[in-house]
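The next block holds one structure in the form of structure tokens; read it before the comments.
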Amino acid sequence: MTTRDPHPLNLLREEARHADPRAVQRELNARPLPTLEPGEWTAAAEETLRDCTGMERKIQMEMRIGLEGHLDGLPLRRTAPLADMTLPELLAEHAEGRRMLLRVLDRLLTVGETHDLRAWTMGEEVPPAVYILALRGRLARLDGFIAEERVGN
């Protein structure tokens with residue numbers, strides 16, 4: 001018989017019992033974007049930024065699906081293909097995309113205070129309190145990928 005490590009989602013569920021989702025949200029809102037750090041943009045770093053921006057677009061859609069029926073006043077941004085963007089356009093897109101992601105997160109938390117919402121993460125539907133903890137980890141990893149690629153070159 002082997003002992004397994006707990007599933008990461010179970011760890012997040014346990015953390016959510018004691019975490020304040022609004023405090024986590026404030027932390028995410030205060031986190032500086034890795035794209036604002038000084039340094040060179042190599043082709044590899046630019047490609048990593050494209051990949052991470054695409055993942056953040058996907059994260060927004062996860063939350064929007066969970067908010068079905070509660071999207072009033074929350075615009076859907078028209079986006080262009082990331083592959084066609086120049087670096088300045090890509091940097092602007094990443095910043096604007098992050099602002100919109102945090103705005104959608106705010107809506108998820110607000111509506112989740114009065115409605116039984118679920119958003120997808122790690123292959124399961126979870127309540128907003130669990131989702132925001134997963135999101136915090138995902139954004140930290142994406143930001144880390146960008147920062148690492150820029151520092152590593």
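The values are calculated or read from the model by the stated rules, or taken from the named source; none is laboratory data. Please read all numbers here as calculations on a predicted model, not as lab measurements. Glycine also receives a Cβ, built like all others from the backbone with ideal geometry; neighbour counts cover every protein chain displayed. For accessibility, only protein heavy atoms count, side chains too; no ligands or nucleic acids. Shrake-Rupley method; radii C 1.70, N 1.55, O 1.52, S 1.80 Å.
The single condition from (1) open to solvent by less than 80 Å² (accessible area, probe 1.4 Å); (2) at pLDDT 90 or above that residue 35 fails is (2). There is no residue in region 42-50 that is outside any helix (DSSP H, G or I), free of Cβ contacts under 8 Å to residues at least 60 places away in the same chain and among the basic types (Lys, Arg).
Here residue 109 meets each of (1) within 13 Å of residue 52 (Cα to Cα); (2) surrounded by 12 or more Cβ atoms within 10 Å (Cβ to Cβ); (3) not acidic (Asp, Glu) with one exception, condition (1). Set side by side, the residues 57, 99 differ, and just one is touching a helix residue (DSSP H, G or I) at 6+ places or on another chain (Cβ under 7 Å) and closer than 17 Å to residue 143 by Cα, which is 57. Just checking, does region 136-148 include any residue being under 25 Å from residue 26 (Cβ atoms), open to solvent by 60 Å² or more (accessible area, probe 1.4 Å) and part of a helix (DSSP H, G or I)? Yes: region 136-148 contains one or more residues that are under 25 Å from residue 26 (Cβ atoms), open to solvent by 60 Å² or more (accessible area, probe 1.4 Å) and part of a helix (DSSP H, G or I). Selection of first residues in region 6-23 that are closer than 12 Å to residue 131 by Cα and touching a residue at least 40 places away in the same chain (Cβ under 8 Å) and of second residues that are among the aliphatic types (A, V, I, L, M) and open to solvent by 80 Å² or more (accessible area, probe 1.4 Å), restricted to Cβ pairs under 6 Å at least 6 apart or on distinct chains, gives the following pairs, ordered by first then second residue: 9/122.
Pairs linking a residue in region 118-135 that is at positive phi and at pLDDT below 95 to a residue that is open to solvent by less than 10 Å² (accessible area, probe 1.4 Å) and not small (Gly, Ala, Ser), with Cβ atoms under 6 Å and 6 or more positions apart or on different chains, are 122/9. Scanning region 55-86 for residues that are part of a loop (DSSP other than H, G, I, E, B) and among the small types (Gly, Ala, Ser) yields a count of 3. The C-beta contact set for region 53-77 (first residue within 24 Å of residue 124 (Cβ to Cβ), second residue among the aliphatic types (A, V, I, L, M) and loosely packed, with under 12 Cβ neighbours inside 10 Å, distance under 8 angstrom, 6+ apart or interchain) comprises 64/76.
Every test in (1) more than 17 Å from residue 22 (Cα to Cα); (2) surrounded by fewer than 20 Cβ atoms within 10 Å (Cβ to Cβ); (3) of a type in the set (D, E, K, R) is passed by residue 93 save one, and that test is (2).
Count of region 87-126 residues, restricted to those that are in contact with a strand residue (DSSP E or B) (Cβ under 8 Å, 6 or more places away or on another chain) and part of a loop (DSSP other than H, G, I, E, B), is 1. No other residue among 82, 76 is among the aliphatic types (A, V, I, L, M), farther than 26 Å from residue 9 by Cα and either open to solvent by less than 80 Å² (accessible area, probe 1.4 Å) or touching a Pro at 6+ places or on another chain (Cβ under 7 Å) (or both) apart from 82.
Does at least one position in region 22-29 carry a residue that is in contact with a strand residue (DSSP E or B) (Cβ under 9 Å, 6 or more places away or on another chain) and open to solvent by 80 Å² or more (accessible area, probe 1.4 Å)? Scanning region 22-29, I find no residue that is in contact with a strand residue (DSSP E or B) (Cβ under 9 Å, 6 or more places away or on another chain) and open to solvent by 80 Å² or more (accessible area, probe 1.4 Å), so the answer is no.
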